[in-house]
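Working notes, beginning with the structure itself.
Here, each number is a calculation from the coordinates, and none is a lab measurement. Fair warning: this is a prediction, and the values are worked out from it, not measured in the lab. Because the Cβ atoms are built from the backbone with ideal geometry, glycine has one as well, and the counts that use them run over all protein chains shown.
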Amino acid sequence: MRNVGWWLAPLLISLQVFFFAPPAAAQNFPNFVTLAKQLKPAVVNISTTKNVQPRRPIMPGPRNPRQDEFFEDFFEHFFGGAPRAPRKERSLGSGFIISREGYILTNNHVIEGADEVKVTLEDGREFVAEVKGLDPKLDVALLKVDAGGDLPVAELGDSNKLQVGEWVLAIGNPFGLEETVTAGIVSAKERVIGAGPYDDFIQTDASINPGNSGGPLFDMDGKVVGINTAIVASGQGIGFATPINAAKLILRELRETGRVTRGWLGVAVQEMTPELAKSFGLENTQGALVSEVVEKSPAAKAGIQRGDIILSFAGKPVQNVSELPRIVAATPVGEKATIEIFRNGKRLQLPVIVARLDEPEAGAPPTIDATQTLGLTVGDVTAEAQRYYRLERDRGALVTAVEPAGPADEAEIRPGDLIVEVNGQEIANAEAFRRTLAKAQSGTMVRLLIQRADNLFYTTVPKP
């Protein structure tokens, strides 16, 4: 018995520690309960209403103009014409209050094109919001509600200090489920997903779904470090947030003028690959390779040429192709900057005066983008987009969305298609596609050369 007790005692002690002592990891687990109670009052639900004119019914199968006329006459004769009263299209999103005066941050795509924007607070109060400023390129919108002051405010943090592996909390309105709280970690930073020219997303596995857009991403100090913006449709557990520091840079302009003024250089650039770097005599892939220079642009006046590799701008290193647009955009208009380039085996420094990137003013009738009239959205070919869509080419305008029943849809253009030519003219990127398309005469058919997987084919779309 004495011998049994000798070996049994340590075992009992081990079992007691295992079953009753709290795990070390659990002792350091974030207090999500306290954070959620503290942060939810500053998060709002956003609902929008847009009046939509109905389209004429489209019959299934191949388009046949004679058949369309027959069915139109049929409905007109037997039913007195199909009812064509405008219908209301509603959508949901999220946002967060950033001042006691009622200013609210959200995504541009949450309220874009809305005829009415309503904001609902956690306490149930509802207000019609005024759109104070829009920045489609960064996908940020600033709203204002008149709530009489003294509103709960979400404190803005510093997204530059955020590290991969940190806990974050997302609060929003996914699928219309109000005040939903989800938690996860920062799984990556500086992600480029082809959403726009200034991609620099925080990637998180905190659950983000439709309706979360525009809502805040909090750190464990209860400060906003990002605006939940995008998801990968085919991915699970992956969401993307716009760094709050990027939004803070434009807040003052949005509040005072309703728009954002950015610097412009006037070049199209592509990513350096190991093969390209070797062919140019570079030891690494740092820099942005110039594939096109816009005539009479600041870059052209500075003497930048196709084939130059931009290594730095205004003293800031250009590590990859996605960094250059962000650096240039943040440079004050009219400021003189120095560009370091690599050309013919030599490093050169060229002075350049940054011009203003022309963008439509918020609140004013926007300049119609010809791509919108075709019912499609295009973007540049990034490294991530190449992997996602399995593209071999790195030049062209990548189709990222197609409007149902629009001209592009009827031409059987699909997301993932790469537009490489317009009316016989080669296209380097999305901006070149827009410029070339804008030159096409209204009322004519525009011929597009499309790359889809391993196939090249032509199609035509009408230019209104």
Q. Using a basic spin-label model with each label point 7 Å from the Cα along Cα→Cβ, how many nm lie between residue 442 and residue 49?
A. 3.2
Q) What's the extension gain from residue 456 to residue 155 if we count 0.36 nm per residue and subtract their Cα-Cα distance? A) 103.2 nm
Q.
Could you give the length gained by full extension between residue 257 and residue 387, i.e. 0.36 nm per residue of separation minus their alpha carbon distance, to one decimal place?
A. 42.9 nm
Q. When Lys and Arg each count +1 and Asp and Glu each count -1, what net charge do the other residues less than 14 Å away from residue 146, Cβ to Cβ, add up to?
A. +1
Q) In terms of Cα to Cα distance under 20 Å, which lysines are near enough to residue 161, apart from those fewer than 8 places away along the same chain? A) 189, 223, 248, 316
Q: In nm, give the distance between the simple-model label positions of residue 90 and residue 178, each being 7 Å from the Cα along the Cα-to-Cβ direction.
A: 1.3
Q) Once you list every other residue whose beta carbon is under 13 Å from the beta carbon of residue 40, what net charge do they have if Lys and Arg are +1 and Asp and Glu are -1? A) -3
Q: Lys and Arg at +1, Asp and Glu at -1: add these up for the other residues within a Cβ distance under 14 Å of residue 218 and post the number.
A: -2
Q | Difference of contour (0.36 nm per residue) and Cα-Cα distance, residue 330 to residue 166 | A | 56.3 nm
**Q.** Ranked packing of 275-288, 33-46, most packed first, by mean Cβ within 10 Å
**A.** 33-46, 275-288
Q) Residue by residue through the range 204-217, which ³J(HN,Hα) values in whole Hz follow from phi under the Karplus form 6.51 cos²θ - 1.76 cosθ + 1.60 (θ = phi - 60°), with glycine and proline marked x? A) 9, 9, 5, 4, 10, 9, x, x, 6, 3, x, x, x, 10
**Q.** Cα-projected label distance for residue 36 with residue 125, points at 7 Å along beta-carbon direction, nm
**A.** 2.5
Q) Ordered by packing density, taken as the mean number of other Cβ atoms within 10 Å over each peptide's residues, highest first, how do 440-447, 156-163 rank? A) 156-163, 440-447
